[in-house]
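What follows is calculated from the coordinates using simple rules that are stated; it is not laboratory data. Note that the coordinates shown come from a computational prediction; the quantities given were computed from them, not determined experimentally. Because the Cβ atoms are built from the backbone with ideal geometry, glycine has one as well, and the counts that use them run over all protein chains shown.
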Amino acid sequence: MASDAGLLRDGGWGKALCRALAEPPAGIEAWLESHTRLIKEDRGGRVGLLQLREETCCLKFYRSSPGVRAFALRLGIGRGVRSFDRALALAAAGVRVPEPRACLRVPGGMLLLTEGLPASKDLRALWTAGTGVASWAELMGAAGLALAGLHAAGFAHGDCKWSNLLWSNDQICFVDLDAVRRVRGSGTRGLRDLARFTLDAEELALPPTLYRSFIERYATAARRSPEGLARAMGPALDKLRRRHLARYGPRGHRLL
């Protein structure tokens, strides 16, 4: 089903993954069903946990589609390769991300193998469960500091919703790096990250005191005022609010 020739990026795990993929059943979707523990799935692909070399890894499958995306895949470029490369750049800049381990082309799409972080949970899941966090004020402060660090390193996440921030070993870890871009300072893209995080905080009805822990920690690290940040992100936040209101209806409460 896959061979070393399909390797697009290798962090030392590519051969082990190719050997595992040679096991039946044939077909990548069937193999993923029988060899991984599903985390999430949508039209674009699926994400699951895989035991490989006696370690827990995360395996993300990007389904190919007709048109430009399929052509890019044949050229060996696409979201999986971009995520691998961005993870290396972010890690080199001191930003916490899962270690990228391999990226390869397979029939029907592309696979990205990363560090698994099995004990971690994303912020949305933690808030929804209502357990597993000793201090939400500290966690929100850690999120603000981590996001400020990402922007100071010259990057914006591009999809900074709560499900893309993991709480792992008392640290924030960024995942789903497909949309990561290089930026200067907080900039427009950095403000969009803040707005996206804020939108989830509003829709999940985060108390204002906890949101202040986030925005004040970010502002201190970025050497800006919370009030100035609120004004600057306002247009991006309003645009997101309108989009989500039309799609999901009213949820939560406004924090700004």
- Message: Can you give me the angle between helix 226-248 and the longest principal axis of the chain, using Cα atoms only, in degrees from 0 to 90, rounded to the nearest 10?
- Response: 60 degrees
- Approximate spin-label separation residue 242-residue 181, in nm, with each point projected 7 Å along Cα-to-Cβ: 2.0 nm
- The long-range amide H neighbours of residue 64, using H built 1.01 Å from N in the peptide plane and a cut-off of under 5 Å, are 109, 110
- Picking from 246, 89, 148, which is most flexible by a Gaussian network model of the chain using Cα springs under 10 Å? 246
- Message: Highest mean first, how do 191-201, 20-30 rank when packing is the count of other Cβ atoms within 10 Å averaged over residues?
- Response: 191-201, 20-30
- Task: Send over the per residue convex hull volume for the stretch 121-248, Cα only, as a whole number of Å³.
- Result: 101 Å³
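Quick one: work out Rg over Rh on the C-alpha atoms of the chain, Rh as Kirkwood radius.
Details: Rg = 19.1 Å, Rh = 19.3 Å.
For the chain, the value is 0.99.
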- Taking a label point 7 Å from the Cα of residue 119 along the Cα→Cβ vector, which residues of the stretch 138-154 have an amide N closer than 18 Å to it? 139
- Query: Which FRET efficiency value, to the nearest 0.05, is calculated for residue 220 and residue 93 with the Förster distance at 22 angstrom and r the Cβ-Cβ distance?
  - Reply: 0.65
- Taking the C-alpha atoms of the stretch 4-115, convex hull volume expressed per residue in Å³: 104 Å³
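Suppose every K and R has +1 on its Cβ and every D and E has -1 on its Cβ; what is the size of the dipole of the stretch 121-248 about the Cα centre, in Debye to the nearest 20? Kindly include the intermediate steps, with their values, before the conclusion.
Numbers: 19 positive and 13 negative charges, 117 e Å.
For this selection, approximately 560 debye.
Starting from the Cα-Cα distance between residue 204 and residue 43, subtract it from 0.36 nm times their residue separation and give me the gain in nm to one decimal. Please list the in-between numbers first.
Values: separation 161, 0.36 × 161 = 57.96 nm, distance 2.49 nm.
Working it through step by step, the gained length comes to 55.5 nm.
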- Query: For the stretch 146-210, what is the largest minus smallest coordinate of the Cα atoms on each principal axis, given in angstrom and ordered from greatest to least?
  - Reply: 31, 27, 20
- Once the Cα atoms of helix 79-92 and of the chain are each reduced to a long axis, what angle between those two axes, in degrees from 0 to 90 to the nearest 10, is obtained? 60 degrees
- Task: Would you mind ranking 218, 211 by Cβ crowding within 10 Å, fewest neighbours first?
- Result: 211, 218
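Excluding same-chain pairs closer than 8 in sequence, count the lysine pairs in the chain whose Cα atoms lie under 25 Å apart.
So the count works out to 8.
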